[in-house]
Ligand SMILES: [Ca+2]
Ligand SMILES: [Ca+2]
């Protein structure tokens, strides 16, 4: 999905952000995103929007998401595509018309995917929270197969494979990236704890 969008000749992250940041502040707040997505003809679940803000705004300062933080959510991991996407000329008008109908459709779908994923992750966190015998430390120890204090996509793959779950393509890498909150390439216990902790009130 991210790659499809990167292939759209008129797509670039500057304009994609500017559509949401109508005032050109350089960051977006919750209401900017709600309104921007509404303009894109997508009515998001406010809880999912809030989760996204928390993830990309940093779990400590939840009020705003800067352009660079927004890019982290949208940049395909693959360097070739991200260069492709960033190099293009941007118009920075904030109007939807900077993109073609097809591009807008893909942009809207990508937002839907991203926000739905946030909702699914939170559902899983809340399930863990409700499990009486769940322990973050114990779970982490199970994932850190070689006991070096962090787990890698390889360890994640092996852990899941032993339980009959096969991840396709770069699934293990994407999953590990999600846990790696401080983006140092390793998932340690504090990254893991932060990702597993519920981010909205437990339902
Ligand atoms: Ca390890
Ligand atoms: Ca880390």
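Screening residue 190 on (1) free of Cβ contacts under 8 Å to residues at least 40 places away in the same chain; (2) surrounded by 14 or more Cβ atoms within 10 Å (Cβ to Cβ) shows it passes everything except condition (2). For residue 157, are the conditions met, namely being farther than 30 Å from residue 201 by Cβ, in contact with a helix residue (DSSP H, G or I) (Cβ under 6 Å, 6 or more places away or on another chain) and either within 16 Å of ligand 2 (Cβ to nearest atom) or not assigned by TED's automatic domain parsing to the domain that holds residue 26 (or both)? When the stated conditions are applied, residue 157 passes them.
Yes or no, residue by residue, for (1) without any contact (Cβ under 8 Å) to a residue 12 or more places away in the chain; (2) part of a helix (DSSP H, G or I); (3) surrounded by 13 or more Cβ atoms within 10 Å (Cβ to Cβ):
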site: 41; (1), (2), (3): no, no, no
site: 52; (1), (2), (3): no, yes, yes
site: 55; (1), (2), (3): no, yes, yes
site: 65; (1), (2), (3): no, no, yes
site: 70; (1), (2), (3): no, yes, yes
site: 73; (1), (2), (3): no, yes, yes
site: 80; (1), (2), (3): yes, yes, no
site: 89; (1), (2), (3): no, no, no
site: 92; (1), (2), (3): no, no, yes
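You will find that of 149, 185, the residue that is loosely packed, with under 15 Cβ neighbours inside 10 Å, modelled with pLDDT under 95, farther than 23 Å from residue 123 by Cα and out of contact with any helix residue (DSSP H, G or I) (no Cβ under 7 Å at 6 or more places or on another chain) is 185 and no other. Filtered by the rule that a residue be over 20 Å from the mean Cα position of the chain (by Cα) and at positive phi, segment 149-187 gives 149, 164. Screening the candidates 140, 179, 151, 159 for the property of being over 25 Å from residue 56 (Cα atoms) and within 15 Å of ligand 1 (Cβ to nearest atom) yields one hit, 159.
Evaluating residue 116 against the criteria (1) surrounded by 15 or more Cβ atoms within 10 Å (Cβ to Cβ); (2) at pLDDT 95 or above; (3) away from ligand 1 (no atom under 16 Å from the Cβ) leaves one unmet condition, (1).
In summary, residue 175 fulfils each of the numbered conditions (1) near ligand 2 (Cβ under 10 Å from one of its atoms); (2) surrounded by 15 or more Cβ atoms within 10 Å (Cβ to Cβ) with the single exception of condition (1). Residues that are outside any helix (DSSP H, G or I) and touching a strand residue (DSSP E or B) at 6+ places or on another chain (Cβ under 6 Å) were ranked within segment 20-39; the one that is farthest from residue 190 (Cα to Cα) is 21.
The values are calculated or read from the model by the stated rules, or taken from the named source; none is laboratory data. Keep in mind the model is a prediction, meaning the values are calculated, not measured. Please note: Cβ atoms are built from the backbone with ideal geometry, for glycine as well, and neighbour counts cover all protein chains shown.
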